[in-house]
Amino acid sequence: MLLEIEDVSLLYGRIQALHGISLTVDEGEIVALIGANGAGKSTTMRAISGIRPVASGRIKFAGEDITKLRADLRVRRGLCQAPEGRGIFPGMSVLENLDMGAYTRRDKAGIAQDLARVLELFPRLAERRKQAGGTLSGGEQQMLAVGRALMSRPKLLLLDEPSMGLAPMLIQQIFTIITEINQQGTTILLVEQNAQQALARAHRAYVLETGRIVKSGSGTDLLHDPSVKEAYLGVA
Ligand code: ATP
């Protein structure tokens, strides 16, 4: 198992956002986390990437207990989050932004290889490689954020709402790219409002409700689950 979360709770002051969450991600999988606004999806990602400390429970990554490990050290171990929203460097060019993604690495040849791959995955970024990140369109910035995360060559890529704010055509595109990234060997944990697409692409998925996991199964099973359909897919 690449990632194992066991009975994790998380507090924001006196507000309990996660109530004993357990989930796993196996090597090679795309796992999706779906749920309504405020269910705790982003909070779960923050616990995994180490941006917020957990109140109790355990997080294991690649066989190692990382519950108390600093966020930057988690990145070095291969756990990388492309942030919700964009979080790119607006004053830096596309290429400089991508370079920043590889800051923990020293293998020049590998970095060059990954840069070529990212530019191939995102032709739009290749066209705009000299342009300042802050002047890219919203969708392009989203792609840059995913590309930058890939530059760290993560073992596990955490994607928080990669389709947020994208036009329908770009949503299709980003999900196709996510599948491609996975097929090239990167394990992915994905948080999405767009449950339809996420479940269609994921090997397995978990449903979060008010800080608890209420359902899990294969993407296909959940896509056809009546209660999931009603609550998250907009079909009764
Ligand atoms: P959305 O889809 O709307 O982004 P989400 O499932 O990602 O929702 P979270 O952002 O994880 O939900 O929020 C879970 C709960 O924790 C919410 O009730 C939210 O108000 C609360 N929360 C999140 N961040 C903080 C914070 N920094 N301080 C206090 N409460 C917070």
- Please give the net charge around GLN173, taking every other residue with its beta carbon less than 13 angstrom from that of GLN173, where Lys and Arg add +1 and Asp and Glu add -1. 0
- Dividing the alpha-carbon radius of gyration of the range 89-152 by 2.2 N^0.38 Å, where N counts its residues, gives 0.99
- Highest mean first, what order results for 188-195, 67-74 on Cβ atoms within 10 Å? 188-195, 67-74
- Message: With angles folded into 0 to 90 degrees, how steeply does helix 138-150 sit against the dominant principal axis of the chain? Use alpha carbons for both and round to 10.
- Response: 90 degrees
- Residue-normalised value, i.e. accessible area per residue, for the range 1-87 at 1.4 Å probe, in Å², stands at 46 Å²
- From phi via Karplus (6.51, -1.76, 1.60), per-residue ³J(HN,Hα) for the range 35-45 in Hz, x at Gly/Pro: x, 6, 4, x, 5, x, 5, 5, 4, 4, 5
- Query: In a shell of Cβ-Cβ distance under 14 Å around ALA55, excluding ALA55 itself, what net charge do Lys and Arg (+1) and Asp and Glu (-1) give?
  - Reply: +3
- Taking LYS215 as the anchor, which aspartates and glutamates have their alpha carbon closer than 19 Å to its alpha carbon, excluding any fewer than eight residues away along the same chain? GLU4, GLU6, ASP7, ASP26, GLU29, GLU192, ASP225, GLU230
- Of ARG106, ARG201, ARG46, the most mobile residue in a GNM of the chain (C-alpha springs, cutoff 10 Å) is ARG106
- Note on the structure: Between LEU33 and residues 5 or more places away or on another chain, the pairs with built amide H atoms under 5 Å apart involve LEU190, VAL191, GLU192, TYR206
- Task: At 1.4 Å probe size, with no ligands or nucleic acids counted, give the accessible surface of PHE89 in Å², nearest ten.
- Result: 80 Å²
- Task: Please state, rounded to one decimal and in Å, the Kirkwood hydrodynamic radius that the range 158-236 gives when every pair of distinct Cα atoms enters the mean of 1/r.
- Result: 13.1 Å
- Hey, any idea what % of the chain's accessible area is carbon plus sulfur with a 1.4 Å probe? 51 percent
- Among the lysines, which fall within straight-line cross-link reach of LYS68, defined as a Cα-Cα distance under 26 Å, with same-chain neighbours fewer than 8 residues apart omitted? LYS41, LYS60, LYS155
- Item | Per-residue HN-Hα couplings for the range 200-214 [Karplus 6.51, -1.76, 1.60; θ = phi - 60°; Hz; x = Gly/Pro] | 5, 9, 7, 6, 9, 8, 10, 9, 9, 9, 5, x, 10, 7, 9
- Among the lysines, which have Cα under 24 Å from the Cα of LYS130 when same-chain residues fewer than 8 positions away are ignored? LYS108
- Item | Dimensions in Å of the range 102-236 - Rg and Dmax from alpha carbons | 16.5, 53
- Item | Using alpha-carbon coordinates, inclination of helix 108-121 to the longest axis of the chain, degrees | 70 degrees
- Would you please state the base-10 log of I(q)/I(0) at q = 0.11 1/Å for the chain, with intensities from the Debye formula using one equal scatterer on every alpha carbon? -0.54
- Query: If you count, for each residue, the other Cβ atoms within 10 Å and average over each peptide, how do 220-230, 144-154, 47-57 line up from highest to lowest?
  - Reply: 144-154, 47-57, 220-230
- Note on the structure: Amide H neighbours of SER56 at under 5 Å, excluding residues fewer than 5 places away on the same chain, with H built from the backbone geometry, are SER9
- Message: Just to check I understand the Karplus step: with θ = phi - 60° and J = 6.51 cos²θ - 1.76 cosθ + 1.60, what whole-Hz values come out for the range 15-22, glycine and proline as x?
- Response: 8, 8, 8, 10, 10, x, 8, 10
- Task: Would you mind calculating the relative contact order of the range 89-152 from Cα pairs under 8 angstrom and at least 6 residues apart, reporting the percent as a whole number?
- Result: 56 percent
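The values are calculated or read from the model by the stated rules, or taken from the named source; none is laboratory data. Owing to the predicted nature of the structure, the values given are computational and were not obtained by experimental measurement. A quick note on method: Cβ atoms are made from the backbone with ideal geometry, for glycine too, and the neighbour counts reach across all protein chains shown. For the accessible areas, the whole protein counts, side chains as well, though only heavy atoms, and no ligand, DNA or RNA atoms are used. Shrake-Rupley method; radii C 1.70, N 1.55, O 1.52, S 1.80 Å.
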